[in-house]
Structure formats: structure tokens, C-alpha cells
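The values are calculated or read from the model by the stated rules, or taken from the named source; none is laboratory data. Here the structure is a predicted model, which is why all the values come from computation and not from measurement. Glycine also receives a Cβ, built like all others from the backbone with ideal geometry; neighbour counts cover every protein chain displayed.
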Amino acid sequence: MTKQHFRSLDLLATAVVILDQGLRIVHCNHAAEALLGMSNRWLEGESLSDVVEIAEQVETMLSEAAQQHFEFKRQQLNWRLPARGPVELDATVSVHPEADGLLLSLELREIAQQRRADREEHQADLTQANKELMRNLAHEIKNPLGGVRGAAQLLDRELPSDELREYTQVIIKEADRLQSLVDQMLAPHRKARVLESVNIHEVCERVRSLMLAEFPQGLAIQRDYDISLPDVRGDREQLIQVVLNVVRNAAQALAGQGEIVLRTRVARQVTIAKQRHKLALDLHVIDNGPGIPEDIRERVFYPLVSGHPQGHGLGLTLAQSYVHQHGGLIDVESRPGHTDFLIRLPIDLSWGAE
């Protein structure tokens with residue numbers, strides 16, 4: 001393999017590690033660097049077993065490959081990565097005879113990442129269906145709702161006593177509440193986006209200030225920012241609303257008592273909605289609350305689904321709509337004590353350079 005071959009590996013989304021016959025690292029592509037948490041410069045020449053705690057099954061597979069017992073083999077195995085701990089990986093080993101020896105290519109895919117990609121595709125289909133459903137439902141509700149409110153107002157003027165007017169006031173207030181929900185359902189489709197360069201950390205700081213004012217006692221919001229991240233192209237107000245909805249959801253799950261971490265990182269060579277991006281921004285909103293109830297975990301982005309007693313179930317749905325409008329994705333992993341919402345937005349380095 002030439003240096004040109006190695007450079008071409010950097011275009012792949014999957015992690016690829018090239019090993020020599022002694023299982024020393026010859027090259028790691030960008031995705032492998034991200035997976036292992038170390039740069040190729042530090043990994044080159046190191047024994048794989050010194051970098052990764054290799055399980056017996058992995059060691060056996062690699063040893064058999066080095067002895068040319070097979071040309072190609074694929075297995076799902078548990079690995080212990082230095083920066084991540086135990087991770088289930090789909091590992092594919094290929095043998096490449098070279099003029100001056102033998103090279104092995106080790107391709108690693110996270111099982112969870114593959115499941116996330118499948119969820120993303122399913123989610124995109126559901127989002128489109130939800131969008132049409134909400135728009136049609138909102139319009140169908142709006143007209144009769146206005147009629148109910150108007151009739152209640154007329155009746156309110158004709159009633160002879162304040163006691164009876166209490167009932168019409170309930171109707172009017174509930175009609176207003178439903179009107180507010182309808183307006184929120186239509187919000188992503190009403191206003192055109194205003195695209196500009198947006199610093200995601202300014203967005204996070206704005207949301208952090210709002211949430212600490214809303215929950216002044218018992219809530220801690222920690223920052224874990226990668227300050228080298230470039231700006232993203234987006235609608236500032238929509239992105240603030242996205243992060244605010246997700247952080248508020250976490251704060252409500254904590255009942256205002258706990259810790260939320262805002263973490264930003266760069267992601268390289270990612271695929272979002274079947275489109276390839278060299279760079280993307282990952283914003284994680286992590287809380288140490290009870291986790292999302294299992295019965296709604298797969299439906300948490302659906303409209304009117306909420307794990308909070310006072311929640312209307314539109315906050316995460318609207319966040320998802322705005323993120324998708326920005327060409328990004330939003331996903332969640334949750335277990336008791338740890339819920340991680342991922343907001344991933346593509347970074348276009350040519351934006352603003354023209």
C-alpha cells in the first residue's frame with residue numbers, strides 16, 4: 001500500500017487500522033484516530049495490544065490472519081478502547097500480501113453507530129410524516145377552535161352571574177391553551193430561516209444563562225467545549241430554540257436537582273441523511289437524571305409524547321424539525337443515571353469564505 005492509498009482511507013467513515021505481520025500499527029485513518037482517541041502520529045509503529053486491550057477472540061483472529069489462515073473474516077466482538085472503555089464493534093480483517101511482506105487491514109464499525117444510522121433513516125421518514133400530520137392537524141383544529149372560543153365569549157356576555165361566567169372563562173382559557181399548542185405545531189413551517197455564521201458556544205451560553213435563571217437552586221450546568229470548533233451555518237434563533245428545548249427537557253427530568261453537561265466536539269467524515277460531510281459539530285447534552293422511561297424511549301421525538309407530567313410533548317419534536325432543516329440529526333442514548341442527547345450539525349468551511 002502506498003501513501004496515496006493511506007490518504008484515500010481518510011475519506012472513509014469507518015475506522016480502518018493497517019497492521020504489519022507483527023500486528024504493529026502502520027497507519028490509522030481519521031475515523032480510527034477518533035475511535036481510539038489518539039492521532040496516527042502517536043500510534044504509528046505501536047503494537048496494537050499496547051494501544052487496545054485485546055480480547056482473546058480478537059487476538060486469535062488477528063494471529064490467524066497474520067499466518068494467512070484466511071483472506072477475509074468478519075466478527076462482532078467486544079473491545080476495550082482507551083478513551084471509551086468496553087465497546088461492541090463489528091470487526092473485519094482482510095489480508096493484503098505485499099512485495100515486502102504482509103499487511104492486514106482492520107475495519108471497525110461501532111454496532112451502536114450502525115443502529116443509530118438505521119434509527120436516523122427511520123427517523124427521517126417519520127419526521128416527514130409527522131410534519132404533514134401536524135400541519136394538517138393544526139389547520140383542522142384552528143378553525144373550529146376559533147369558533148368555540150368566540151361562542152364562549154358571546155355566551156359570557158349574556159350570562160347573569162359571575163358564578164356562571166367561571167365556566168365560560170374555563171372554556172376560553174382552555175381554547176387559548178390549545179391555540180398556543182397549535183401555534184407551536186406550525187412554528188417550524190411559518191418562518192423562513194435566516195442563515196448566518198453561528199458560534200455554537202454563544203448559543204450554549206445563552207441557553208445556560210436562561211436555564212440557570214429558570215432553575216436557580218440545585219441545577220448545575222457544566223461546560224466541556226472544544227473552543228477550536230468553527231462556526232456553523234444556521235439560523236441563530238432556531239438553534240437557540242433547539243438547545244433550549246433539549247436542555248429544558250433534561251432539567252425537567254432532573255426536577256431542577258442534578259447536573260447537565262454541555263459538550264462540543266468535532267466529528268470527521270460523517271454521513272447524515274445519506275449525505276457525506278468532511279466535518280460536523282457534535283453537541284452533547286448529558287444529564288445524570290433517571291433516564292427516559294423505556295416505554296417512550298423509541299418515541300421520544302414523536303409529537304405529544306412526554307415523560308414529564310406537565311409536558312406537552314412538542315419540545316423535542318420541534319427541536320428535531322429545526323435540526324433536520326439545518327441538514328443535521330438529533331439522537332439520544334439513555335439509561336438510568338445517564339442520558340445523552342446528540343445534536344450533530346454539518347460544518348461548511350466554505351461558508352463565509354466567499
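Evaluating GLU88 against the criteria (1) acidic (Asp, Glu); (2) in a helix (DSSP H, G or I); (3) at pLDDT below 80 leaves one unmet condition, (2). The condition of being modelled with pLDDT under 90 and either hydrophobic (A, V, I, L, M, F, W, C) or closer than 27 Å to ARG268 by Cβ (or both) holds for only one of LEU244, LEU210, LEU186, that being LEU186.
Screening ASP183, ASP231, ASP226, ASP235 for residues that are crowded, with 19+ Cβ neighbours inside 10 Å and either of a type in the set (D, E, K, R) or not assigned by TED's automatic domain parsing to the domain that holds LEU342 (or both) leaves exactly one candidate, ASP235.
In this structure, is VAL95 in a strand (DSSP E or B), over 30 Å from GLN275 (Cβ atoms) and hydrophobic (A, V, I, L, M, F, W, C)? Considered against the rule, which asks whether it is in a strand (DSSP E or B), over 30 Å from GLN275 (Cβ atoms) and hydrophobic (A, V, I, L, M, F, W, C), VAL95 comes out as yes. For the stretch 18-53, a residue qualifies if it is among the charged types (D, E, K, R) and crowded, with 19+ Cβ neighbours inside 10 Å, and exactly one does: GLU33.
Which ones in the stretch 33-62 are assigned to a helix (DSSP H, G or I), out of contact with any Ser or Thr (no Cβ under 9 Å at 6 or more places or on another chain) and free of Cβ contacts under 8 Å to residues at least 12 places away in the same chain? Within the stretch 33-62, ARG41, TRP42, ASP50, GLU56, THR60 qualify. One residue alone among LEU283, LEU279 is within 21 Å of GLY37 (Cβ to Cβ) and buried (at least 21 other Cβ atoms within 10 Å of the Cβ), and that residue is LEU283. Comparison of THR60, THR92 shows that the only residue that is within 19 Å of HIS27 (Cβ to Cβ) and surrounded by 11 or more Cβ atoms within 10 Å (Cβ to Cβ) is THR92.
Entry remark, the stretch 252-286: residues being out of contact with any Leu (no Cβ under 6 Å at 6 or more places or on another chain) and farther than 30 Å from ASN29 by Cα number 8 in total. Taken over the stretch 250-276, the criterion of being more than 15 Å from the chain's Cα centre (by Cα), in a strand (DSSP E or B) and under 16 Å from LEU329 (Cβ atoms) is satisfied by GLN269, GLN275, ARG276.
Yes or no: PHE6 in a helix (DSSP H, G or I), touching a residue at least 12 places away in the same chain (Cβ under 8 Å) and of a type in the set (Phe, Trp, Tyr)?
On the way: in a helix (DSSP H, G or I): yes; touching a residue at least 12 places away in the same chain (Cβ under 8 Å): yes; of a type in the set (Phe, Trp, Tyr): yes.
For PHE6, the condition - in a helix (DSSP H, G or I), touching a residue at least 12 places away in the same chain (Cβ under 8 Å) and of a type in the set (Phe, Trp, Tyr) - is met.
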